[in-house]
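Shown next, in structure tokens, is the structure this report addresses.
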Amino acid sequence: MKLPASRVTAFLERPDPEIRAVLCYGPDAGLVRERAERLARTVCPDLRDPFRIADLNAAALAVDPARLGDEAAQLGLSAGRRVVRVRSAGDALAKLFAEFLENRPGDALVVAEAGDLPARSALRRTLEAARYGAAIGCYPDTPRDLAAVIRQTLGEHGIGASRDATLFLVGHLGGDRLLTRCELEKLTLYAGDGGRVELDDARLCISDTAALALDDAVMAAAEGDAARLERVLGRVFQEGESPVSAIRALLRHLHRLQVLAARTAAGATLEEVLRGARPPIFFKQEESFKRQLGLWTQERLRSQLDCAVRAERNIKTTGIPAETICREAMLAVARSARRH
């Protein structure tokens, strides 16, 4: 069974009792872990219970495939169903899971965790097509999802947040759900129960300096400031950000500019466009966005988006150093902006 996004929350709270195996996969490793644990807790609230929790990894199952069925069929020494957790699952386990879902030994729930699996993935297709299996994609939070996570986490401690602080958090968290929650928990300790978070508090506590630098690099590229881009991009890579993440940040920003440029072309004033932007534009970036919208048209943005997409593909397929491809793509944007 392939779960659409609209059904995921309800399924995580109360999984169909007929489902015997669930695959959580996707690029957001923190969200994969969070959802796998939520599913496991619906069967066994204490994930440290050695009598009801079996923890396996793909390497162990490769050596001893029968262990999956054996663990699922084993009777717990305490009351209640068992959970079998499978870490680092991949396509090599597709046949094993197909056999398990056909025979369904015991009554344990198997919860598998995997990385980003393409639509053609054998393991993903096996779980999506199975009557007694399910697959849940785990992708980075959208701004709306991230805002909800921020409100929930702060709300649990009775902490309020200003609009500017919330916008800052939405803009600089969200690549990994686990890291997002860790940063927010740190912020709750700083603010204290019943406290309030202002912009300066958020900037002080959130340690994602690589994300801050990456944001600065993207803005420099779109403004045509090649010198600042070179300087900041060096810091981005030094702090461990991947070239693919940088290219994807550029793609998101160019796409956002294209949406705003379309509204300008339709007759809206610059102030109306900026005021109506969703997610809202961080107030300290408003002047930069005004400059960028004066430099770019929809057609030229479309051309740069195509170039950025090719750059990401080349990073993954050509063997050319990824940082070189990323740097050239972002400098091409800066040169194009500067020409106009």
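Derivation of every value follows stated rules applied to the coordinates shown; laboratory data play no part. As the structure is a prediction and not an experimental result, all values here were calculated from the model. Positions of Cβ are backbone-derived with ideal geometry, glycine not excepted, and every protein chain shown enters the neighbour counts.
Mind computing the radius of gyration and Dmax over the alpha-carbon atoms of the range 143-205? Å is fine for both.
When restricted to Cα atoms, the range 143-205 yields Rg and Dmax of 10.1, 27 Å.
Describe numerically, in nm with one decimal, the distance between label points set 7 Å from Cα along Cα→Cβ at Cys182 and at His157.
Rounded to a tenth, the inter-label distance reads 1.6 nm.
Given C-alpha coordinates of the range 209-339, what is the ratio Rg to Rh with the Kirkwood estimate of Rh?
0.97
Using alpha-carbon positions, what is the distance between the centroids of the range 81-112 and the range 35-77, in Å?
9
Please report, to one decimal in angstroms, the Kirkwood hydrodynamic radius of the chain built from all distinct Cα-Cα pairs.
About 22.5 Å, per the Kirkwood formula over Cα pairs.
Tell me the label-point distance for the pair Ala148, Cys307, using the 7 Å Cα-to-Cβ offset, in nm and rounded to one decimal.
Output for this residue pair reads 3.8 nm.
So what is the relative contact order for the chain, in percent, with contacts set as C-alpha pairs under 8 Å and at least six apart?
Over the chain, the number comes to 16 percent.
Using a Förster radius of 41 Å, what is the FRET efficiency between Gln298 and Arg67 based on their Cβ-Cβ separation? Nearest 0.05, please.
Approximately 0.15, to the nearest 0.05.
Residues in the range 88-126 near a label at Thr317, defined as backbone nitrogen under 18 Å from the 7 Å Cα→Cβ point?
118-121
Along the range 310-316, what does the Karplus equation 6.51 cos²θ - 1.76 cosθ + 1.60 (θ = phi - 60°) give for ³J(HN,Hα), rounded to whole Hz, x for Gly and Pro?
These are the phi-based 3J(HN,Hα) values: 4, 4, 5, 5, 5, 4, 7 Hz.
What does the charge count around Val273 come to, taking other residues whose C-beta lies under 15 Å from its C-beta (Lys +1, Arg +1, Asp -1, Glu -1)?
Charge balance near Val273 sits at +2.
Compute the Cα gyration tensor for the range 74-226, then decide on rounded, prolate or oblate, letting a ≥ b ≥ c be the square roots of its eigenvalues: rounded whenever a/c is under 1.5, prolate when a/b is larger than b/c in the other cases, and oblate in all that remain.
Oblate, since a/c reaches 1.5 and b/c is not below a/b.
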